[in-house]
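Everything below concerns the one structure shown next.
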Amino acid sequence: MSMNSHRTFLHRHPVFTARDLALHMASRGAVGPRTQEAFLAYYRKTRRLARIRRGLYAVVPPGADPKSQPINPYLIAARLTQDALLSHHTALEYHGRAHSVWQHFVYSASQPLRPVTFRSHLFRGVRFPRPLLRCGNQFHSTLESEEEGLPIRVTSLERTLVDVLHRPDLGGGWEEVWRSLESIEFFDLDVVVAYALMLENATTAAKVGFFLEQHRTELMVDDGYLDRLRCHRPRQPHYMDRTSRQPGRLVAEWNLMVPDDVLARSWEEVS
């Protein structure tokens, strides 16, 4: 392979996997692990590559320091697995709607890796919801975007709303979730309700219904959407977050034990 071919690959792949490199080399008639090893060894020696983890590398501009050169964390998260999907709080950040900036990036995948730390960033994978995997619909309500010339997938705002209510721990907690979602002026409510029901989780359906009812004026929520969700609420009272049973009050309409902080929106008192 020519040096020009190498440079073209590096220019087009600011973050790349071993599989990306193998496909590139095979397309030019160069096959075998030794060829890849020689490529990686040469460009690491010349300080053109930063190793993120085994099988994942970032390109470093000439003259830059591989140990400190900024590397796009969205590209890292999007390439940790073949089917990685930016989700939860990371999706809110990507859409410019997160209340706070995190050093913690979340992606969804069919087989997520163990948490990966690279410099000051933590990358945490979460498995696609089981009902989506069961019907092969894990990319329902997702968008394809581009970062530095490479394609990435990210959940839509509608799916993200449901996901962070379903897993508030991956959205930054209730205050972060509420403040972030309240910065969004419009949701396609048909998409929100359809996705919430796809998850086949009564507590999640109730949480989405409770949030929409709290914001029915701002989001123009009519009774039809609430009725569809109400039909799927839990039969018995459920905590909004079973992993953190904070003091709260029963909202009987949704059979939800809602934390006092959420009901009182206590964070507004110190804004």
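Name the single residue that is nearest to the chain's Cα centre (by Cα) among those in region 55-65 being within 17 Å of THR17 (Cα to Cα) and in a loop (DSSP other than H, G, I, E, B).
Going through region 55-65, the residues within 17 Å of THR17 (Cα to Cα) turn out to be 55-60.
Restricting the remaining residues to those that are in a loop (DSSP other than H, G, I, E, B) gives 55, 60.
Numbers: GLY55: 21, VAL60: 25 Å.
Restricting to residues being within 17 Å of THR17 (Cα to Cα) and in a loop (DSSP other than H, G, I, E, B), the top hit is GLY55.
If I ask for residues that are under 20 Å from HIS215 (Cβ atoms) and either part of a strand (DSSP E or B) or open to solvent by 30 Å² or more (accessible area, probe 1.4 Å) (or both), which ones from region 243-256 would you list?
Kept after step one, since they are under 20 Å from HIS215 (Cβ atoms), are these residues of region 243-256: 248-249, 251-256.
Passing the criteria: GLY248, ARG249, VAL251, ALA252, GLU253, LEU256.
Among the residues that make up region 54-73, is at least one of them closer than 30 Å to PHE186 by Cβ and either surrounded by fewer than 21 Cβ atoms within 10 Å (Cβ to Cβ) or aliphatic (A, V, I, L, M) (or both)?
The first filter runs over region 54-73 and keeps only residues closer than 30 Å to PHE186 by Cβ, leaving 72-73.
Narrowing the set further to residues that are either surrounded by fewer than 21 Cβ atoms within 10 Å (Cβ to Cβ) or aliphatic (A, V, I, L, M) (or both) leaves 72.
Yes, the conditions are met somewhere in region 54-73.
Being closer than 14 Å to TYR94 by Cα and open to solvent by 40 Å² or more (accessible area, probe 1.4 Å) narrows it down to one of GLU146, GLU175, GLU182, so name that one.
Numbers: GLU175 fails: closer than 14 Å to TYR94 by Cα; GLU182 fails: closer than 14 Å to TYR94 by Cα.
Exactly one of GLU146, GLU175, GLU182 is closer than 14 Å to TYR94 by Cα and open to solvent by 40 Å² or more (accessible area, probe 1.4 Å), namely GLU146.
For (1) part of a helix (DSSP H, G or I); (2) of a type in the set (S, T, N, Q), each residue gets a yes or a no:
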{"residue": "SER180", "(1), (2)": "yes, yes"}
{"residue": "ALA196", "(1), (2)": "yes, no"}
{"residue": "VAL208", "(1), (2)": "yes, no"}
{"residue": "LEU212", "(1), (2)": "yes, no"}
{"residue": "ARG228", "(1), (2)": "yes, no"}
{"residue": "ASP241", "(1), (2)": "no, no"}
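So which residues in region 90-103 are farther than 9 Å from THR160 by Cβ and either touching a Gly at 6+ places or on another chain (Cβ under 9 Å) or not hydroxyl-bearing (Ser, Thr, Tyr) (or both), if there are any at all?
Listed by number, the residues that qualify are GLU93, GLY96, ALA98, HIS99, SER100, VAL101, TRP102, GLN103.
Would you point out the residue of region 75-132, among those that are open to solvent by 10 Å² or more (accessible area, probe 1.4 Å), outside any strand (DSSP E or B) and among the hydroxyl-bearing types (Ser, Thr, Tyr), that is farthest from LEU56 (Cα to Cα)?
SER100
Would you check if ARG159 is under 24 Å from ARG242 (Cβ atoms) and basic (Lys, Arg)? Give the steps one after another, and end with the answer.
Values: under 24 Å from ARG242 (Cβ atoms): yes; basic (Lys, Arg): yes.
Taking the combined requirement at face value, the residue satisfies it.
Return yes when LEU40 is on the phi < 0 side of the Ramachandran plot, open to solvent by less than 10 Å² (accessible area, probe 1.4 Å), in a helix (DSSP H, G or I) and hydrophobic (A, V, I, L, M, F, W, C) and no when it is not.
Values: on the phi < 0 side of the Ramachandran plot: yes; open to solvent by less than 10 Å² (accessible area, probe 1.4 Å): no; in a helix (DSSP H, G or I): yes; hydrophobic (A, V, I, L, M, F, W, C): yes.
So LEU40 fails the test.
The values are calculated or read from the model by the stated rules, or taken from the named source; none is laboratory data. Since we're looking at a predicted model, the values are computed, not measured. Glycine gets a Cβ as well: all are built from the backbone with ideal geometry, and neighbour counts include every protein chain shown. Each accessible area value is taken on the protein alone, full model and side chains, heavy atoms only, with ligands, DNA and RNA left out. Shrake-Rupley method; radii C 1.70, N 1.55, O 1.52, S 1.80 Å.
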